[in-house]
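Trainee: My questions will all concern the structure given below.
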Amino acid sequence: MEVVYIRCSTPDQEPQLQLNDINLDLKPSIEALILKENISAWKEKTERPEFKRLEKLIRENKVKTLYVWNIDRIYRNRKKLVAFFALCKIYKVKVRSYCQKWLDGLYHTPEPFDEIIMDLFISLLGWIAESESNDKSSRIKMAIRKKNNTTYSYKGNLWGRKPFPTNTINRVLELHQNGLSIREIAKNVTVYDKNNNGRVISKSAVHKILCLNSTKNFS
């Protein structure tokens, strides 16, 4: 089986852009299973359902080739990235990356140098991805300012996600008062981005709204 794994770090990013590039590497005759998710790969306890599905398929020996846009879409953590490639090596899964096409050449390296070179390059890429992520985090921390428990950019603009509209908050509180669970509320409330694209609200957002408005006796 050929599998395409696409990951964006935030819900605002569009996975289709990665897929468009990967399709350039896929032969027209290849029918691939496409796994998409919008979620960070850095935090320790982040649940990635589609990635878990991918790992399960690999362990079931059902994956022949895995296509990704960039290796850091798998993991930005060096140790986790190396461990994933070790898993792929055990089950003889070839990983092809749109941004790291030189990976294809490593699979043709004669033994025993193939494993040595592959392990070296994957470790190196893991270090780079992890370093870039840490640098980005450091730059963000340097650019923000704290004042009265509120975070601002260095230009004085309010930092972070915009608060939900009042009608969204009221809808969440109304459904909660009617006895719906957080999961049920999330399925019944739609939020819109700046381009007026709608999506259901996340369970964490529902929980946050309820916590921030607990003084209104809706708990």
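The values are calculated or read from the model by the stated rules, or taken from the named source; none is laboratory data. What you are looking at is a predicted structure, and each value in this text was computed from that prediction instead of being measured. Quick reminder, even Gly has a Cβ in these numbers, built from the backbone with ideal geometry, and neighbours come from all protein chains shown.
Trainee: Of the residues TYR91, TYR75, TYR67, only one is among the hydroxyl-bearing types (Ser, Thr, Tyr), under 16 Å from SER123 (Cα atoms) and outside the structural domain of SER202 (by TED's automatic domain parsing); which?
Mentor: Numbers: TYR91 fails: under 16 Å from SER123 (Cα atoms); TYR67 fails: under 16 Å from SER123 (Cα atoms).
The unique qualifying residue is TYR75.
Trainee: For the stretch 108-126, give me the residue count where each residue is surrounded by 13 or more Cβ atoms within 10 Å (Cβ to Cβ) and assigned to a loop (DSSP other than H, G, I, E, B).
Mentor: 1
Trainee: Could you pull out the residue among LYS56, LYS27, LYS45 that is closer than 22 Å to LEU106 by Cβ and exposed (fewer than 15 other Cβ atoms within 10 Å of the Cβ)?
Mentor: Values: LYS56 fails: closer than 22 Å to LEU106 by Cβ; LYS45 fails: closer than 22 Å to LEU106 by Cβ.
Testing whether each residue is closer than 22 Å to LEU106 by Cβ and exposed (fewer than 15 other Cβ atoms within 10 Å of the Cβ) leaves just LYS27.
Trainee: Another question, if that's okay. Would you mind listing the strands (runs of 3 or more DSSP E) fully within the stretch 134-219 where at least 1 residues are surrounded by 13 or more Cβ atoms within 10 Å (Cβ to Cβ) and modelled with pLDDT of 80 or more? Walk me through how you get there before you give the answer.
Mentor: Numbers: elements: 144-147, 150-153, 190-192, 198-200.
Correct list: 190-192, 198-200.
Trainee: Kindly establish whether ILE74 is surrounded by fewer than 16 Cβ atoms within 10 Å (Cβ to Cβ), aliphatic (A, V, I, L, M) and modelled with pLDDT of 80 or more.
Mentor: No, not satisfied.
Trainee: Name every residue in the stretch 59-115 that is in contact (Cβ under 8 Å) with a residue 12 or more places away in the chain, among the acidic types (Asp, Glu) and either over 25 Å from ILE39 (Cα atoms) or touching a His at 6+ places or on another chain (Cβ under 8 Å) (or both), in order of residue number.
Mentor: The one that is in contact (Cβ under 8 Å) with a residue 12 or more places away in the chain, among the acidic types (Asp, Glu) and either over 25 Å from ILE39 (Cα atoms) or touching a His at 6+ places or on another chain (Cβ under 8 Å) (or both): GLU115.
Trainee: Identify, please: which residue in the stretch 9-22 is modelled with pLDDT under 85 and not charged (D, E, K, R) and is, among those, surrounded by the most Cβ atoms within 10 Å (Cβ to Cβ)?
Mentor: Narrowing the stretch 9-22 to residues modelled with pLDDT under 85: 9-17.
With not charged (D, E, K, R) added as a condition, the list becomes 9-11, 13, 15-17.
Numbers: SER9: 15, THR10: 9, PRO11: 12, GLN13: 12, PRO15: 17, GLN16: 10, LEU17: 11.
Out of the qualifying residues, it is PRO15.
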